[in-house]
1. What pairs from LYS47/LYS138; LYS47/LYS109; LYS8/LYS87; LYS8/LYS308; LYS22/LYS47; LYS109/LYS138 go past 20 Å between their alpha carbons?
2. What's the angle, to the nearest 10 degrees (0 to 90), between helix 126-139's Cα axis and the longest principal axis of the chain?
3. Assuming R0 = 30 Å, what is the FRET efficiency of LEU85 and PHE293, from their Cβ-Cβ distance, to the nearest 0.05?
4. Calculate, axis by axis, the spread of Cα positions in segment 15-150 along the three principal axes, and write the results as whole Å, longest axis first.
5. What translational diffusion coefficient, in µm²/s and rounded to a whole number, does the Stokes-Einstein relation yield for segment 1-67 at 25 °C and a viscosity of 0.890 mPa s, taking the hydrodynamic radius as the Kirkwood radius over Cα pairs?
6. What is the percent carbon and sulfur in the accessible area of the chain, measuring with a 1.4 Å probe over the protein chains and ignoring ligands?
7. Ignoring trypsin sites (Lys or Arg not before Pro) that are buried or in helix or strand per DSSP, and keeping those with at most 13 other beta carbon atoms within 10 Å, what is the longest stretch of the chain between them?
8. Between SER51, HIS121, VAL20, whose Cα lies farthest towards the positive end of the dipole of segment 1-141 when Lys and Arg beta carbons carry +1 and Asp and Glu beta carbons carry -1, centred on the Cα centre?
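The values are calculated or read from the model by the stated rules, or taken from the named source; none is laboratory data. As the structure is a prediction and not an experimental result, all values here were calculated from the model. As a convention, Cβ positions derive from the backbone with ideal geometry for all residues, glycine included, and neighbour counts pool all protein chains shown. In case anyone asks, the SASA skips ligands and DNA or RNA and just uses the protein heavy atoms, side chains included. Shrake-Rupley method; radii C 1.70, N 1.55, O 1.52, S 1.80 Å.
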Amino acid sequence: TTTILEIKNLTTSFATPTGVIKAVDNASLDLGQGETLAIVGESGCGKTVLSLSVMGLIPDPPGRITSGQVIYQGQDLVQFSKKQLQKIRGNQLSMIFQEPMTSLNPVFKIGDQIGETLRLHKNLDKNDARQAAIDALKLVGIPNPHKRVDNFPHELSGGMRQRVMIAMALACSPEILIADEPTTALDVTIQAQILRLLDEMKHRMNGSLMLITHDLGVVARVASRVAVMYAGQLVECANIIEIFKDPLHPYTKGLLASVPKLGSRAELTPIPGNVPALGNLPRGCRFHPRCKFAFDRCKEQEPIIQNKDDRQIRCWLHS
Ligand code: SF4
(Lines give C-alpha, C1' and ligand atoms only; values in the text may rest on other atoms or scores of the structure.)
Protein backbone atom coordinates (compact mmCIF):
# COMPACT_ATOMS: atom_id res chain seq x y z
CA THR A 1 0.00 0.00 0.00
CA THR A 2 1.07 3.58 -0.60
CA THR A 3 1.62 5.70 2.45
CA ILE A 4 -0.74 8.64 2.60
CA LEU A 5 0.34 10.12 5.92
CA GLU A 6 3.69 9.77 7.59
CA ILE A 7 4.22 10.74 11.21
CA LYS A 8 7.92 11.05 11.88
CA ASN A 9 9.51 11.35 15.32
CA LEU A 10 6.65 13.50 16.52
CA THR A 11 6.87 15.03 19.98
CA THR A 12 4.10 17.20 21.39
CA SER A 13 4.81 18.95 24.69
CA PHE A 14 2.64 20.78 27.18
CA ALA A 15 3.67 23.36 29.73
CA THR A 16 2.31 22.47 33.18
CA PRO A 17 2.77 24.20 36.54
CA THR A 18 5.32 21.54 37.45
CA GLY A 19 7.26 21.57 34.20
CA VAL A 20 7.07 20.55 30.56
CA ILE A 21 5.61 17.14 29.78
CA LYS A 22 5.71 15.21 26.52
CA ALA A 23 2.18 14.00 25.84
CA VAL A 24 3.45 12.36 22.65
CA ASP A 25 7.07 11.32 22.79
CA ASN A 26 8.93 10.70 19.55
CA ALA A 27 6.19 8.79 17.74
CA SER A 28 6.66 7.47 14.21
CA LEU A 29 3.75 5.92 12.35
CA ASP A 30 2.49 5.53 8.78
CA LEU A 31 -1.06 5.50 7.51
CA GLY A 32 -1.57 3.58 4.27
CA GLN A 33 -3.95 4.47 1.48
CA GLY A 34 -7.29 2.79 2.17
CA GLU A 35 -6.12 1.51 5.50
CA THR A 36 -7.91 1.59 8.85
CA LEU A 37 -5.29 2.11 11.50
CA ALA A 38 -6.40 1.91 15.12
CA ILE A 39 -4.56 3.77 17.85
CA VAL A 40 -5.24 2.07 21.13
CA GLY A 41 -4.44 2.79 24.77
CA GLU A 42 -6.01 3.82 28.05
CA SER A 43 -6.87 7.47 28.54
CA GLY A 44 -3.78 9.52 29.21
CA CYS A 45 -1.65 7.45 26.81
CA GLY A 46 -1.36 10.23 24.24
CA LYS A 47 -3.60 8.92 21.47
CA THR A 48 -5.89 11.94 21.35
CA VAL A 49 -2.93 14.35 21.49
CA LEU A 50 -1.37 12.43 18.61
CA SER A 51 -4.48 12.86 16.48
CA LEU A 52 -4.89 16.53 17.40
CA SER A 53 -1.23 17.05 16.47
CA VAL A 54 -1.87 15.58 13.03
CA MET A 55 -4.86 17.89 12.60
CA GLY A 56 -2.92 20.95 13.75
CA LEU A 57 -5.36 21.39 16.63
CA ILE A 58 -3.04 21.44 19.64
CA PRO A 59 -4.00 24.43 21.82
CA ASP A 60 -0.93 26.68 21.90
CA PRO A 61 -0.31 27.61 24.69
CA PRO A 62 0.02 25.36 26.63
CA GLY A 63 0.77 22.75 23.95
CA ARG A 64 3.19 22.69 21.05
CA ILE A 65 4.69 20.22 18.60
CA THR A 66 8.31 20.47 19.70
CA SER A 67 9.86 18.18 17.11
CA GLY A 68 9.07 15.87 14.24
CA GLN A 69 7.06 15.96 11.06
CA VAL A 70 3.66 15.03 9.71
CA ILE A 71 4.12 14.44 6.00
CA TYR A 72 1.07 14.64 3.78
CA GLN A 73 1.35 14.92 -0.01
CA GLY A 74 5.06 15.62 0.30
CA GLN A 75 4.55 18.54 2.68
CA ASP A 76 5.16 18.83 6.39
CA LEU A 77 1.89 19.85 8.08
CA VAL A 78 3.79 20.85 11.22
CA GLN A 79 5.25 23.77 9.26
CA PHE A 80 1.86 24.87 7.91
CA SER A 81 0.42 28.25 8.88
CA LYS A 82 -2.99 28.44 10.56
CA LYS A 83 -4.48 29.50 7.25
CA GLN A 84 -2.95 26.61 5.31
CA LEU A 85 -4.20 24.19 7.94
CA GLN A 86 -7.72 25.60 7.81
CA LYS A 87 -7.73 24.99 4.10
CA ILE A 88 -7.06 21.28 4.35
CA ARG A 89 -8.89 20.63 7.63
CA GLY A 90 -12.45 19.50 7.00
CA ASN A 91 -11.47 19.14 3.36
CA GLN A 92 -8.71 16.59 2.75
CA LEU A 93 -8.24 15.87 6.43
CA SER A 94 -11.25 15.49 8.68
CA MET A 95 -11.89 14.58 12.27
CA ILE A 96 -14.83 13.19 14.22
CA PHE A 97 -14.80 13.94 17.90
CA GLN A 98 -15.86 11.90 20.86
CA GLU A 99 -18.86 13.86 22.04
CA PRO A 100 -20.94 15.35 19.24
CA MET A 101 -22.83 17.63 21.62
CA THR A 102 -19.65 19.60 22.29
CA SER A 103 -18.56 19.82 18.67
CA LEU A 104 -21.93 20.55 17.11
CA ASN A 105 -23.02 24.11 17.64
CA PRO A 106 -26.31 24.02 19.60
CA VAL A 107 -27.68 27.24 18.09
CA PHE A 108 -27.43 26.29 14.42
CA LYS A 109 -29.51 23.83 12.43
CA ILE A 110 -27.55 20.75 11.51
CA GLY A 111 -28.05 21.38 7.79
CA ASP A 112 -26.44 24.79 8.13
CA GLN A 113 -23.51 23.29 9.99
CA ILE A 114 -22.85 20.70 7.30
CA GLY A 115 -23.49 23.30 4.62
CA GLU A 116 -20.98 25.66 6.18
CA THR A 117 -18.15 23.18 5.64
CA LEU A 118 -19.19 22.74 2.03
CA ARG A 119 -19.47 26.47 1.38
CA LEU A 120 -16.08 27.05 2.92
CA HIS A 121 -14.21 24.39 1.00
CA LYS A 122 -16.23 23.73 -2.11
CA ASN A 123 -17.58 27.19 -2.84
CA LEU A 124 -21.16 26.01 -3.01
CA ASP A 125 -23.97 28.56 -2.84
CA LYS A 126 -26.64 28.32 -0.17
CA ASN A 127 -29.08 26.15 -2.10
CA ASP A 128 -26.49 23.73 -3.36
CA ALA A 129 -24.98 23.47 0.11
CA ARG A 130 -28.40 22.64 1.54
CA GLN A 131 -28.99 19.97 -1.06
CA ALA A 132 -25.51 18.55 -0.45
CA ALA A 133 -26.22 18.52 3.28
CA ILE A 134 -29.44 16.55 2.67
CA ASP A 135 -27.51 14.09 0.49
CA ALA A 136 -24.86 13.73 3.19
CA LEU A 137 -27.51 13.03 5.86
CA LYS A 138 -29.08 10.44 3.61
CA LEU A 139 -25.72 8.82 3.02
CA VAL A 140 -25.13 8.31 6.74
CA GLY A 141 -28.54 6.73 7.16
CA ILE A 142 -30.55 9.54 8.74
CA PRO A 143 -34.24 8.98 8.01
CA ASN A 144 -36.23 11.87 6.52
CA PRO A 145 -33.15 13.93 5.70
CA HIS A 146 -35.32 16.67 4.16
CA LYS A 147 -36.87 17.30 7.54
CA ARG A 148 -33.87 16.53 9.68
CA VAL A 149 -31.75 19.07 7.89
CA ASP A 150 -33.67 21.79 9.76
CA ASN A 151 -33.31 20.19 13.19
CA PHE A 152 -31.16 21.56 15.95
CA PRO A 153 -28.62 19.19 17.53
CA HIS A 154 -30.66 18.75 20.73
CA GLU A 155 -33.61 17.44 18.70
CA LEU A 156 -31.60 14.35 17.76
CA SER A 157 -30.62 11.23 19.70
CA GLY A 158 -26.96 10.55 20.59
CA GLY A 159 -26.58 8.05 17.76
CA MET A 160 -28.14 10.46 15.26
CA ARG A 161 -25.85 13.26 16.37
CA GLN A 162 -22.86 11.03 15.85
CA ARG A 163 -24.16 10.31 12.34
CA VAL A 164 -24.46 14.04 11.73
CA MET A 165 -20.85 14.46 12.83
CA ILE A 166 -19.84 11.79 10.37
CA ALA A 167 -21.87 13.45 7.61
CA MET A 168 -20.14 16.73 8.40
CA ALA A 169 -16.69 15.18 8.46
CA LEU A 170 -17.31 13.38 5.18
CA ALA A 171 -19.10 16.21 3.37
CA CYS A 172 -15.99 17.17 1.41
CA SER A 173 -14.86 13.56 0.79
CA PRO A 174 -11.66 13.76 2.82
CA GLU A 175 -8.72 11.50 2.03
CA ILE A 176 -8.04 10.98 5.70
CA LEU A 177 -10.60 10.69 8.45
CA ILE A 178 -9.60 10.63 12.10
CA ALA A 179 -12.26 9.38 14.50
CA ASP A 180 -11.57 9.86 18.18
CA GLU A 181 -13.58 7.40 20.30
CA PRO A 182 -16.53 7.88 17.95
CA THR A 183 -18.70 5.39 19.79
CA THR A 184 -17.85 5.80 23.46
CA ALA A 185 -20.93 7.78 24.41
CA LEU A 186 -23.30 5.38 22.65
CA ASP A 187 -24.95 2.13 23.62
CA VAL A 188 -23.59 -1.13 22.25
CA THR A 189 -26.00 -1.64 19.32
CA ILE A 190 -25.59 1.93 18.11
CA GLN A 191 -21.82 1.60 18.56
CA ALA A 192 -21.78 -1.32 16.15
CA GLN A 193 -23.90 0.59 13.63
CA ILE A 194 -21.64 3.64 13.75
CA LEU A 195 -18.53 1.53 13.27
CA ARG A 196 -20.09 -0.24 10.32
CA LEU A 197 -21.04 3.12 8.89
CA LEU A 198 -17.50 4.48 9.28
CA ASP A 199 -16.09 1.42 7.60
CA GLU A 200 -18.58 1.64 4.75
CA MET A 201 -17.87 5.33 4.27
CA LYS A 202 -14.15 4.73 4.19
CA HIS A 203 -14.59 2.22 1.38
CA ARG A 204 -16.99 4.42 -0.51
CA MET A 205 -14.61 7.39 -0.42
CA ASN A 206 -11.55 5.25 -0.91
CA GLY A 207 -10.10 7.14 2.02
CA SER A 208 -8.02 6.15 5.02
CA LEU A 209 -9.25 5.98 8.58
CA MET A 210 -7.41 6.52 11.82
CA LEU A 211 -9.53 5.19 14.65
CA ILE A 212 -8.65 6.29 18.17
CA THR A 213 -10.04 4.07 20.90
CA HIS A 214 -9.38 2.60 24.32
CA ASP A 215 -11.33 -0.51 23.36
CA LEU A 216 -9.54 -3.28 21.50
CA GLY A 217 -12.88 -5.00 21.01
CA VAL A 218 -13.99 -2.11 18.79
CA VAL A 219 -10.82 -2.42 16.76
CA ALA A 220 -11.29 -6.08 15.86
CA ARG A 221 -14.24 -5.34 13.60
CA VAL A 222 -12.76 -2.68 11.38
CA ALA A 223 -9.01 -2.08 11.73
CA SER A 224 -6.33 -3.58 9.55
CA ARG A 225 -3.43 -2.47 11.74
CA VAL A 226 -3.12 -1.47 15.38
CA ALA A 227 -0.72 0.90 17.11
CA VAL A 228 -0.68 0.64 20.90
CA MET A 229 0.35 3.67 22.95
CA TYR A 230 1.42 3.84 26.55
CA ALA A 231 2.41 6.93 28.55
CA GLY A 232 3.01 9.02 25.43
CA GLN A 233 4.97 6.41 23.51
CA LEU A 234 4.20 3.82 20.88
CA VAL A 235 4.85 0.43 22.41
CA GLU A 236 3.65 -1.95 19.72
CA CYS A 237 2.45 -1.76 16.15
CA ALA A 238 1.32 -4.75 14.14
CA ASN A 239 -1.43 -5.95 11.85
CA ILE A 240 -4.73 -6.83 13.45
CA ILE A 241 -4.32 -10.59 13.18
CA GLU A 242 -0.92 -10.55 14.87
CA ILE A 243 -2.18 -8.28 17.63
CA PHE A 244 -4.98 -10.69 18.51
CA LYS A 245 -3.16 -13.96 17.86
CA ASP A 246 0.26 -13.14 19.14
CA PRO A 247 0.49 -9.87 21.06
CA LEU A 248 4.10 -9.26 22.04
CA HIS A 249 3.99 -6.33 24.41
CA PRO A 250 2.77 -7.08 27.95
CA TYR A 251 0.60 -3.96 27.78
CA THR A 252 -1.09 -5.19 24.59
CA LYS A 253 -1.63 -8.55 26.31
CA GLY A 254 -3.16 -6.71 29.25
CA LEU A 255 -5.51 -4.73 26.99
CA LEU A 256 -6.60 -7.94 25.28
CA ALA A 257 -7.31 -9.67 28.57
CA SER A 258 -9.71 -6.89 29.40
CA VAL A 259 -11.79 -7.30 26.22
CA PRO A 260 -14.99 -9.30 26.79
CA LYS A 261 -15.11 -12.34 24.50
CA LEU A 262 -18.33 -13.40 22.89
CA GLY A 263 -19.81 -16.42 24.60
CA SER A 264 -17.01 -16.66 27.13
CA ARG A 265 -17.65 -16.53 30.83
CA ALA A 266 -14.00 -16.11 31.66
CA GLU A 267 -13.32 -13.33 34.13
CA LEU A 268 -12.03 -10.14 32.62
CA THR A 269 -8.71 -9.17 34.07
CA PRO A 270 -8.07 -5.45 34.07
CA ILE A 271 -4.44 -4.33 34.10
CA PRO A 272 -3.50 -3.50 37.68
CA GLY A 273 -2.44 0.06 38.49
CA ASN A 274 -2.76 3.24 36.43
CA VAL A 275 -1.06 5.01 33.57
CA PRO A 276 1.73 7.05 35.20
CA ALA A 277 1.51 10.84 35.27
CA LEU A 278 3.67 12.21 32.47
CA GLY A 279 5.33 14.59 34.90
CA ASN A 280 6.31 11.70 37.13
CA LEU A 281 7.38 8.80 34.93
CA PRO A 282 9.00 5.75 36.43
CA ARG A 283 12.61 5.03 35.57
CA GLY A 284 13.33 2.45 32.90
CA CYS A 285 10.33 1.01 31.07
CA ARG A 286 7.31 3.21 31.67
CA PHE A 287 5.13 0.14 32.01
CA HIS A 288 7.30 -1.70 34.51
CA PRO A 289 5.33 -0.91 37.69
CA ARG A 290 2.34 -2.68 36.11
CA CYS A 291 4.15 -5.39 34.18
CA LYS A 292 4.13 -8.93 35.49
CA PHE A 293 7.09 -9.82 33.28
CA ALA A 294 9.32 -6.99 34.51
CA PHE A 295 12.91 -7.91 35.36
CA ASP A 296 15.89 -5.90 36.63
CA ARG A 297 16.81 -4.25 33.36
CA CYS A 298 13.25 -2.95 32.92
CA LYS A 299 13.58 -0.88 36.09
CA GLU A 300 16.79 0.79 34.98
CA GLN A 301 16.84 1.16 31.22
CA GLU A 302 14.16 2.50 28.94
CA PRO A 303 13.49 0.12 26.02
CA ILE A 304 13.68 1.56 22.51
CA ILE A 305 11.19 0.73 19.82
CA GLN A 306 12.51 -1.87 17.39
CA ASN A 307 11.40 -3.39 14.13
CA LYS A 308 10.73 -7.08 14.25
CA ASP A 309 9.66 -8.60 10.95
CA ASP A 310 6.90 -6.26 9.85
CA ARG A 311 5.94 -5.12 13.31
CA GLN A 312 7.32 -2.75 15.92
CA ILE A 313 7.81 -3.46 19.58
CA ARG A 314 9.20 -1.61 22.60
CA CYS A 315 10.02 -4.20 25.25
CA TRP A 316 13.20 -5.77 26.61
CA LEU A 317 11.64 -9.22 26.27
CA HIS A 318 11.71 -8.76 22.50
CA SER A 319 14.97 -7.03 21.70
FE1 SF4 B 1 7.49 -5.39 30.89
FE2 SF4 B 1 10.12 -5.07 30.85
FE3 SF4 B 1 8.81 -5.31 28.57
FE4 SF4 B 1 8.57 -3.11 30.04
S5 SF4 B 1 10.41 -3.86 29.03
S6 SF4 B 1 6.94 -4.23 29.08
S7 SF4 B 1 8.63 -3.96 32.10
S8 SF4 B 1 9.00 -6.86 30.19
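1. In this structure, LYS47/LYS138; LYS47/LYS109; LYS8/LYS87 lie more than 20 Å apart at Cα.
2. 50
3. 0.10
4. Largest to smallest, the principal-axis extents are 51, 31, 29 Å.
5. Taking Rh from Cα pairs, D becomes 194 µm²/s.
6. Solvent-exposed carbon and sulfur of the chain make up 50 percent of the total.
7. That would be 1-260.
8. So the residue we want is HIS121.
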